[in-house]
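First comes the structure, then the notes that go with it.
What follows draws every value from the coordinates through simple rules; no lab data is involved. None of these values were measured; they are calculated from a predicted model. For neighbour counting, all protein chains shown are included, and Cβ atoms are generated from backbone atoms with ideal geometry for every residue, glycine included.
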Amino acid sequence: MNSTIAMITFRAMLGRKRALLLFVLPFIMLVLAAGLKVTDYADLGVSATVLHRFGLATLLPLLALIAGTGVIGPEIDDGQIMYVLTKPIPRQVIVLTKLAVAIVLVVLFAVVPTLLTGLIMSGTTAQVTPAFTVGVLVGGIAYSAAFVALGVISRNAVTIGLIYVLVWEILLGNFAPGAKSASIQQWSLSVADALSGASQITSTVDLPLAILLLAAVTALATTFASVRLRSLSIASAE
């Protein structure tokens, strides 16, 4: 990891207009949690539903999309990435640094708000809050890797990512059994299901397979992004 690239990326991400969404989305979830708690609707079932539907299924992929594509996509679009590529820094280090920044942003704006939301609504009852916090964390790593790779591959990364999140993860994932099982959301839910004894949390994918798939997506996306970034510098030089 390169600390200079990391600091520049952090400043760029938090200085863009899209960074407002990093604050707005978790704020909405926390306000919702507080409202449900005040009105005495924050029982275990409601808490699990909010953490799943709002936290894991909506907040996490959208924030990971903003962070993952934002740490590298704009630099490629405006050509600033060439300044970094001319330095004697391995492409894998550049990608890993960008990925690390994206993961830190996901932790700050998705994982921590998920933890706080769960604590506000149901505390640590049945380990629902810790379970979803870990689920959002592992899912956030996989999402971030996938969206960083997408940011390297396409100039339309945000559009493609939104289609994936809204159509595959949210729409088809809720109605088509096959699509549900083949999604980062469901694999992350499997981790949460294994860590909690609450009957409200159920996953369609076994834990060993879910962990294997999450690791595979993370590793393959990171490797592919590194290879693609290397070819990008060669093509530009020509």
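Observations
- Gaussian network model of the chain, Cα within-10 Å springs - most flexible of PRO61, PRO90, PRO26: PRO90
- The angle between the Cα long axis of helix 112-122 and the main principal axis of the chain comes to about 0°, on a 0 to 90 degree scale.
- Nearby lysines by direct alpha-carbon distance to LYS17 (threshold 28 angstrom, same-chain neighbours under 8 apart not counted): LYS98
- The phi torsions of segment 81-94, fed into the Karplus equation with coefficients 6.51, -1.76 and 1.60 and a -60° offset, translate into couplings of 4, 5, 5, 6, 5, 7, 7, x, 10, x, 4, 5, 5, 4 Hz, rounded to whole numbers, with Gly and Pro shown as x.
- Residue order, fewest to most beta carbons within 10 Å, for LYS87, LYS98, LYS180: LYS87, LYS180, LYS98
- Unit charges at the beta carbon, dipole of segment 3-237: most positive-side option, GLY73, GLN185, GLY45: GLY73
- For q = 0.16 Å⁻¹, Debye-computed log10 I/I(0) when each Cα of segment 41-130 counts as one equal scatterer: -0.69
- Its relative contact order, with pairs defined as Cα atoms under 8 Å and 6+ residues apart, puts the chain at 25 percent.
- Restricted to Cα atoms, segment 1-53 shows a radius of gyration and a Dmax of 16.8, 48 angstrom.
- Hits among aspartates and glutamates - C-alpha to C-alpha of LYS180 under 16 Å, sequence gap 8 or more where chains match: GLU169, ASP193, ASP206
- In whole angstrom, segment 3-237 maps to an equivalent ellipsoid with semi-axes of 33, 19, 14, each derived as √(5λ) from the alpha carbon gyration tensor and ordered largest first.
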